[in-house]
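K.L.:
Here it is: the structure, laid out below.
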Amino acid sequence: MSAETAVKTGTVVSINLSERKTVRKTPGERGTLVLDRGFEGDAHAGDWHRQVSLLAIESIDKMRAAGLEVGAGDFAENITTQGIDLLAMPIGTRLRVGPTLLEVSQIGKVCHTKCAIYYQAGDCVMPREGIFAVVREAGEVNTGDKVEVASLGDGTCDRTPEEAIREFEEAKAAEEAARDRSGDEGE
């Protein structure tokens with residue numbers, strides 16, 4: 001689906017925070033976004049381009065359908081959404097989340113160290129379907145808040161390093177090539 005025809009509104013299902021990286025986040029009902037930092041008290045907050053992570057409950061449902069008992073926060077996402085097509089939003093898209101404003105800074109990520117979910121299921125949805133953002137306007141975010149596109153991006157964000165984009169594109173191309181090879185072997 002293109003950004004022009006994508007679902008551009010949704011809701012916040014869960015706010016998920018943790019004091020440490022590489023662990024599942026604890027689901028909650030609210031969190032405070034700090035300007036150009038991320039969620040107050042969250043390990044991923046900081047002066048970088050992946051201050052806040054978002055994942056759709058629809059993506060989590062795919063893993064549930066694969067037999068996993070997972071829920072909001074289990075993929076270390078900060079905001080679990082419902083109803084909005086996150087993957088259709090180009091880098092630079094500005095999302096109004098409750099009273100705050102986020103700017104999409106990265107789509108997907110390279111998974112350098114496989115997480116517990118990967119080892120449990122042989123797959124993890126966050127690297128392919130999670131998105132990351134920087135905080136442009138601070139405030140408190142609550143479950144039930146509306147998530148809506150304020151403006152579509154042009155594919156750039158001033159906080160996203162070129163090497164992050166290049167690394168993700170190379171990893172994605174390698175995954176597609178591996179899938180193509182495995183499909184060829186099955187014929």
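K.L.:
Structure shown: which of K8/K172; K109/K172; K25/K109 lie over 20 Å apart, alpha-carbon to alpha-carbon? Don't skip to the end; give the middle numbers.
P.N.:
Values: K8/K172 25 Å; K109/K172 9 Å; K25/K109 18 Å.
Violating the 20 Å limit, Cα to Cα: K8/K172.
K.L.:
Of L35, S151, L68, which is farthest towards the positive pole of the chain's charge dipole, taken about the Cα centre with +1 and -1 on the beta-carbons of Lys, Arg and Asp, Glu respectively?
P.N.:
L35
K.L.:
To the nearest 10 degrees, how steeply does helix 162-185 sit against the main Cα axis of the chain, on a 0 to 90 scale?
P.N.:
It is inclined by approximately 30 degrees.
K.L.:
Quick one: Debye curve from the alpha-carbon atoms of the range 2-62 only, equal weights, vacuum; give me log10 I(q)/I(0) at q = 0.12, 0.18 Å⁻¹ to two decimals.
P.N.:
Each listed q maps to, in turn, -0.36, -0.76.
K.L.:
With 10 Å bins from zero, work out the P(r) of the chain over every alpha carbon pair and list the percent per bin.
P.N.:
10, 38, 37, 12, 2, 0
K.L.:
Another question about this same structure. Scaled to the compact-protein estimate 2.2 N^0.38 Å, what is the alpha-carbon radius of gyration of the range 1-110, rounded to two decimal places?
P.N.:
Details: Rg = 13.5 Å, N = 110, 2.2 N^0.38 = 13.1 Å.
For the range 1-110, the normalised Cα radius of gyration comes out at 1.03.
K.L.:
Mind putting a number on the dipole of the range 9-185 about its Cα centre? Charges go on the C-beta only, +1 for Lys and Arg and -1 for Asp and Glu, and I need it in Debye to the nearest 20.
P.N.:
Values: 21 positive and 31 negative charges, 77 e Å.
It works out to roughly 360 debye.
K.L.:
Are there any GluC sites (Glu not before Pro) in the range 56-97 that are in a DSSP loop and have at most 11 other Cβ atoms within 10 Å? List them by number.
P.N.:
Details: sites: E58, E69, E77; in loops: E69, E77.
Taking the range 56-97 and a limit of 11 other Cβ atoms within 10 Å, the loop GluC sites (Glu not before Pro) found are E69.
K.L.:
Given +1 on the Cβ of Lys and Arg, -1 on the Cβ of Asp and Glu, and no further charges, what dipole in debye does the range 17-88 carry about its Cα centre, rounded to the nearest 20? Intermediate results must be reported in sequence, preceding the final value.
P.N.:
Numbers: 9 positive and 12 negative charges, 37 e Å.
In total the dipole reaches around 180 debye.
None of the figures in this text is laboratory data; all of them are computed from the coordinates on show. These numbers come from a predicted model, not from an experiment. Every residue, glycine among them, receives a Cβ derived from its backbone with ideal geometry; neighbour counts consider all protein chains shown.
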